[in-house]
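The values are calculated or read from the model by the stated rules, or taken from the named source; none is laboratory data. Every value quoted in this text rests on a predicted model; they were computed, and no experiment measured them. Here the Cβ positions follow ideal geometry from the backbone for every residue, glycine too, while neighbour counts run over all protein chains shown. The area values use the complete protein model at the heavy-atom level, side chains included, leaving out ligands, DNA and RNA. Shrake-Rupley method; radii C 1.70, N 1.55, O 1.52, S 1.80 Å.
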2 protein chains.
Amino acid sequence: MNFRVVSKIMGRLLMLEGFFMGLAVIVAVLYHEEDALPLLWASLITLLSGLVLGFLFREKNNGFGKKEGFLVVSLSWVVFSFFGTLPFLLTHSIPSFTDAFFETISGFTTTGASILNDLESLSHGVLVWRSITQWLGGMGIIVLSLAILPMLGIGGIQLFVAEVPGPSPDKLHPKVKETAKRLWAIYLVFTISEVFFLLLGGMDWFDSVNHSLTTMATGGFSTKQASIAAWPSSYIQYVIIFFMFLAGTNFTMAYFALKLKTRKVWKNEEFRVYTGFILLFILIFTIVLSVTRDLPFGDNLRDAAFQVVSIMTTTGFVSADYLAWVPFLIVLLFMLMFFGGSAGSTGGGIKIIRVWLTIKNSYLELKRIMHPNAVIPVRYNRRAVPERITSNILNFIVLYMLIFIFGVLVMAMLGLDMTSAMGAVAASLGNIGPGIGSVGPMDNFAHLPAIGKWFLGFLMLMGRLELFTVLLLLSPVYWRK
Amino acid sequence: MNFRVVSKIMGRLLMLEGFFMGLAVIVAVLYHEEDALPLLWASLITLLSGLVLGFLFREKNNGFGKKEGFLVVSLSWVVFSFFGTLPFLLTHSIPSFTDAFFETISGFTTTGASILNDLESLSHGVLVWRSITQWLGGMGIIVLSLAILPMLGIGGIQLFVAEVPGPSPDKLHPKVKETAKRLWAIYLVFTISEVFFLLLGGMDWFDSVNHSLTTMATGGFSTKQASIAAWPSSYIQYVIIFFMFLAGTNFTMAYFALKLKTRKVWKNEEFRVYTGFILLFILIFTIVLSVTRDLPFGDNLRDAAFQVVSIMTTTGFVSADYLAWVPFLIVLLFMLMFFGGSAGSTGGGIKIIRVWLTIKNSYLELKRIMHPNAVIPVRYNRRAVPERITSNILNFIVLYMLIFIFGVLVMAMLGLDMTSAMGAVAASLGNIGPGIGSVGPMDNFAHLPAIGKWFLGFLMLMGRLELFTVLLLLSPVYWRK
């Protein structure tokens, strides 16, 4: 293990984090807030730590392999979250370290689960830092899922995200920067566009920026305790629905679309399935809401579209108390918490491509039983998917379920009832935010015991890093020479 | 499709069913019950239908292949269940056809879910017929899982059940009868032994016989509304625990044990894992019950052992109201509903072997990521499991979860709350009986809407026939020429 290179990279990343904390300082200064000083301290401490780590060792770029890659990936999120607590702690916005860490890792993993009870009492500086954690997390995920994980061979979806001029598994260095820059540019353009459209709808500058940062990351942190329900405007809600939808698509599709290669987008199987699922579920929700609620059709459609898109993209914004809906819709929403966004998006969860290929494969298994000697591979975009990938996808889903079950047991052991335990674990592992039961859309995670918060933070990390990345670090397989 | 042979086989099976109904007639006569006459009618109708079907066509034994096999398997359970309603309907014990069918298919699939509210008011004749449906179902499962399904290539566990002098996939006919007879003999010996031990404990003849019939089938129908809680005797409960444990083991293990080849049993990986899981969970339950309940240690141990073994073997007898336990134990019991018994036992569920190999495989997947070019197969009993089998097992588990989720959605649509929906579906699909929520150990399935009962009956059938058997019949793959 080449710890020098690892430390160097962590140093550079910390400097980046310190720089972004600086933006929160500027916001606090603009609003003449007392928090400006502690935020400045947080930024300086982070920058300095980064400097020390980054320049502690002489440059030695050789010896960066798979093992180092796995360590750097998991470590980045953990180290970012540790330093990211400083703004909360030094401003006393969140006095407890456990709570501050929960909030920060929930930010960097773009989960959006919160322990805060009164967002409106926080300073603008702290609120914007909270949103920035998600936006940075989203940036991290883009480069992770489109460049780093494919190289590390994680998750079995390398085939489906690397269709653009992107990194090939063996030559990472020259192209990673290129791809990352290109996709970050798209991420930035989308974020700025959303700010523009939200401003048009009458949302103020501060709220527009914050919500755009957390929409594009499929994060879901809001500046209001009531989340998006604080803006009953149909226009604003539809704008957010549209950008959540964008954030849940493969960013390479956006790249094609911006290059006007729309045919490539429409022909992409995952994009079609993703869109199809969303439309189907919006339809079902709208119908059931219309039958069971005494509200105008427009409200039912909007609430349906908002919650379906918010949960499926794993954003977690809330525009209505869905726990007040009929049990069928609650169960359906809970199920959607497992779907997740597209591969190569900022969304979490299992991911549409895995769910879809698994459903297809289950059907093919029937064929295989009838014709035991035939080789019947799953097809994606009309090409046969290699057996190795299919099996990895199945493994991923089974592992996801095993971790989910284990998580529910742990939360039940800590005293949560079954529904709340399932809600908390599904929402954390899937990087969604609000769950069901006592961690529903109108509640938050503050009331959980400390161990529960650490454990859920760990689940967020696992979910965000496609399970295997974190599990490998915990297994003897990784550490054996 | 050779419908002649299919009809012939169904005819023979119906005659068998009619014969067993005759036993219920004898019981009714012995107890001087009015039900004797309607039971006789039921028996005669069934026998006659069997005769007509069986001798309608001339013998033509050629042309019995895989397709016919699938049809016969699913059809047998359905036809048995239809005719099995006659004793309930003609005696007016269950006036509604929906309810009678639910009760009967719950019997033949060895599930044990019931719609009856007052078992003590039924005649001995009807009660014994109810128990016989389970015992017959168990007989069917033994021959199905050890002889027929391996031939049809269903479920991916053919390797693990066919270790005895049993059928080889290509030559079914000569050996199926041999294997079946041998294993039925064991089944019968175990049943008689249990009767003996229960009589020793002071249970009367009638109850001893009924409970032995339903224990060995891992069925769980009782003659008392309170189930086994009606016999607080420790001895009786431990006898039932022991026989439930036996019923959940691979019957070929019992065959070895009876031949005093105990080393083969101890060295069998599934048997060790099955025993290990049961001991582990009994330990956990005993500890948690001791900490949270103010009862003597002996009671906690017994309740723990009884419920763990009853649920894990998918029997479904109840000795205590487990829904009154702490949420952690309820969640854990609910999780156990998915485990199921050993392959080649009468137990349902996913089956230990599949759960175990999947857990092992998940761990190996980490190795595969570190060494992408190495071939790393799962091992069972120290031998490498072929890729095809591993993948079939993963498919089975994923399909099981998909059907579970679909089932919960359907039940939620019918108005059940989430917990009850999950309980009803897990208990039906896993062939257990009582679930959680409103279909818990102290309740029954009577209050469900009619569509829900038919749907759950269908899930019982799917779960019992290892999913693929039934799904195949419903898919175009099967019917295409």
Legend entry - P(r) tail fraction, segment B:424-478 - alpha-carbon pairs more than 16 Å apart, %: 45 percent
Legend entry - Distances in nm from B:ILE287 to the matching label points in the other copies, shortest first (labels 7 Å along Cα to Cβ): 5.0
Inset, instruction - Using only alpha carbon positions, build the gyration tensor of the protein assembly as shown, then give the equivalent ellipsoid semi-axes as the square roots of 5 times its eigenvalues, largest first, whole angstrom. - result: 55, 29, 27
Inset, instruction - Could you tell me, in Å, what Rg and Dmax come out for the Cα atoms of segment A:1-145? - result: 15.6, 49
Inset, instruction - Whenever you get a sec, line up A:PHE328, B:PHE70 from highest to lowest accessible area (probe 1.4 Å, protein heavy atoms). - result: A:PHE328, B:PHE70
Legend entry - Radius 15 Å from Cβ of A:THR419, net charge of other residues (Lys, Arg +1; Asp, Glu -1): -3
Inset, instruction - Would you kindly work out, in nm and rounded to one decimal, the distances from the label point of B:PHE206 to those of the same position in each other copy, ordered shortest first, with label points 7 Å along Cα-to-Cβ? - result: 7.9
Inset, instruction - Considering the rotation that carries chain A onto chain B, locate the chain A residue whose Cβ comes closest to its axis and report the distance in whole Å. - result: A:LEU394, 2
Legend entry - Exposure rank, largest accessible area first [B:LEU416, B:LEU402; 1.4 Å]: B:LEU402, B:LEU416
Legend entry - Other copies of B:PHE97: label-to-label distances in nm, shortest first, labels 7 Å along the beta-carbon direction: 7.0
Inset, instruction - Work the Kirkwood hydrodynamic radius out for segment A:1-43: mean of 1/r over every pair of different alpha-carbon atoms, inverted, in Å. - result: 11.4 Å
Inset, instruction - Please report the base-10 log of the normalised intensity I(q)/I(0) for segment A:223-315, using a Debye sum with one equal scatterer per alpha carbon and no solvent, at each q in 0.19, 0.20 (1/Å). - result: -0.94, -1.00
Legend entry - Surface share of carbon and sulfur [accessible, 1.4 angstrom probe, percent] for the protein assembly as shown: 69 percent
Inset, instruction - Using the heavy atoms of the protein chains and a 1.4 angstrom probe, tell me the accessible area per residue for chain A in square angstrom. - result: 38 Å²
Inset, instruction - Please report the relative contact order for chain A, taking Cα pairs under 8 Å with a sequence separation of at least 6, and give it as a percent rounded to a whole number. - result: 17 percent
Legend entry - Sequence of A:LYS224, A:LYS177, A:LYS261, A:LYS453 from largest to smallest accessible area, 1.4 Å probe: A:LYS177, A:LYS261, A:LYS224, A:LYS453
Inset, instruction - Over segment B:1-122, calculate the relative contact order: mean separation of alpha carbon pairs under 8 Å at least 6 apart, over the residue count, as a percent. - result: 28 percent
Legend entry - Rounded FRET efficiency, nearest 0.05, which uses the C-beta distance separating A:MET442 from A:ASP204 and R0 of 22 Å: 0.35
Inset, instruction - Using Cα pairs closer than 8 Å and at least 6 residues apart in sequence, work out the relative contact order for segment A:260-405, in percent. - result: 17 percent
Legend entry - Percent of Cα pairs exceeding the 17 Å cut-off, where the set is segment B:326-424: 63 percent
Legend entry - Binned Cα-Cα distances of segment A:3-78, short to long, each 5 Å bin given as a whole percent: 3, 17, 21, 19, 14, 10, 8, 5, 3, 1
Inset, instruction - Step through the residues of segment A:398-409 one at a time and calculate ³J(HN,Hα) from phi using the Karplus curve (6.51 cos²θ - 1.76 cosθ + 1.60, θ = phi - 60°), rounding each to whole Hz and writing x for Gly and Pro. - result: 5, 5, 4, 5, 4, 5, 4, 4, 4, x, 4, 4
Inset, instruction - Please report the base-10 log of the normalised intensity I(q)/I(0) for chain A, using a Debye sum with one equal scatterer per alpha carbon and no solvent, at each q in 0.06, 0.11 (1/Å). - result: -0.25, -0.88
Legend entry - Buried area at the B-A interface (accessible, heavy atoms, 1.4 Å probe, summed, Å²): 4600 Å²
Legend entry - Extension gain, A:ARG388 back to A:ILE451 (0.36 nm per residue minus Cα-Cα distance, nm): 18.9 nm
Inset, instruction - From other protein chains only, count the Cβ atoms within 10 Å of every residue's Cβ in B:394-401, then give the mean. - result: 6
